[in-house]
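Chemist: Shown below is the structure under consideration.
The values are calculated or read from the model by the stated rules, or taken from the named source; none is laboratory data. Predicted, not measured: the structure shown is a model, and the values here were computed from it. As a convention, Cβ positions derive from the backbone with ideal geometry for all residues, glycine included, and neighbour counts pool all protein chains shown.
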Amino acid sequence: MFPTRVHHALLIVTDVALHEGPVRLSEIAERQGLHPKSIEMFAQALRQGGLLSSVRGCRGGYVLAKPAKDITIGEIARCLDVPYQAFDDPQDQPLEAAMEQVQAAVWKKLDKMTLAKIIKG
């Protein structure tokens with residue numbers, strides 16, 4: 001359902017949420033089986049989106065920037081996902097209107113689903 005980059009971002013944020021204290025990107029990469037360079041790119045986008053904070057020092061790493069109950073899946077997806085692209089052909093306008101309704105319904109659902117709910121199952 002999600003693009004790969006959004007799925008990876010969900011794995012990163014979930015991993016950070018499940019561990020106490022700062023989590024190093026190398027640890028996340030190893031646990032999640034992701035390439036360290038892609039983890040860095042995703043973590044930067046999540047930090048810029050206000051979902052992760054970095055902690056400096058020898059015991060540094062990443063922590064959630066706010067409680068898991070306040071982070072929605074929609075927020076995570078928006079940090080990395082490319083917005084829906086409109087159709088170029090005017091003949092496709094009816095299909096475009098339908099797709100916009102579907103997209104709005106999906107975002108509405110994602111904006112109600114929190115990281116805390118995902119973690120609890």
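Chemist: Any residue at all in the range 81-94 that is under 20 Å from the mean Cα position of the chain (by Cα), closer than 21 Å to H8 by Cβ and at pLDDT 85 or above?
Modeler: no
Chemist: Against the conditions (1) of a type outside the set (F, W, Y); (2) more than 14 Å from L11 (Cβ to Cβ); (3) not in a helix (DSSP H, G or I), where does Q44 fall short? Just the number, please.
Modeler: Result: Q44 passes all but (3).
Chemist: Looking only at the range 55-71, which residues are crowded, with 19+ Cβ neighbours inside 10 Å and either part of a strand (DSSP E or B) or hydroxyl-bearing (S, T, Y) (or both)?
Modeler: Hits for the range 55-71 are G61, Y62.
Chemist: So, one more: When both residues are 6+ apart or on different chains and their Cβ atoms are under 8 Å apart, which pairs have a first residue that lies in the range 18-29 and is closer than 15 Å to A65 by Cβ, and a second that is surrounded by fewer than 15 Cβ atoms within 10 Å (Cβ to Cβ) and hydrophobic (A, V, I, L, M, F, W, C)?
Modeler: P22/V55
Chemist: Which number in (1) at pLDDT 95 or above; (2) of a type in the set (S, T, N, Q); (3) in a helix (DSSP H, G or I) marks the one condition that Q103 misses?
Modeler: Against the list (1) at pLDDT 95 or above; (2) of a type in the set (S, T, N, Q); (3) in a helix (DSSP H, G or I), Q103 comes up short only on (1).
Chemist: A further question on this structure: Considering only the range 12-30, state which residues are surrounded by 13 or more Cβ atoms within 10 Å (Cβ to Cβ), assigned to a loop (DSSP other than H, G, I, E, B) and out of contact with any Phe, Trp or Tyr (no Cβ under 9 Å at 6 or more places or on another chain).
Modeler: Correct list: H19 only.
Chemist: If I filter the range 3-27 down to residues being among the hydroxyl-bearing types (S, T, Y) and under 12 Å from the mean Cα position of the chain (by Cα), which single residue comes out as modelled with the highest pLDDT?
Modeler: In the first step, residues of the range 3-27 are kept if they are among the hydroxyl-bearing types (S, T, Y); the result is 4, 14, 26.
Subsequent filtering for residues that are under 12 Å from the mean Cα position of the chain (by Cα) retains 4, 14.
Working: T4: 88, T14: 97.
Ranking the qualifying residues of the range 3-27, first place goes to T14.
Chemist: So, in the range 32-55, how many residues would count as being at pLDDT 95 or above and basic (K, R)?
Modeler: 1
Chemist: K37 - would you say it is among the basic types (K, R), outside any loop (DSSP other than H, G, I, E, B) and touching a strand residue (DSSP E or B) at 6+ places or on another chain (Cβ under 9 Å)?
Modeler: No: the conditions fail for K37.
Chemist: Can you tell which of G33, G50, G121 is in contact with a Cys (Cβ under 9 Å, 6 or more places away or on another chain) and surrounded by fewer than 18 Cβ atoms within 10 Å (Cβ to Cβ)?
Modeler: G50
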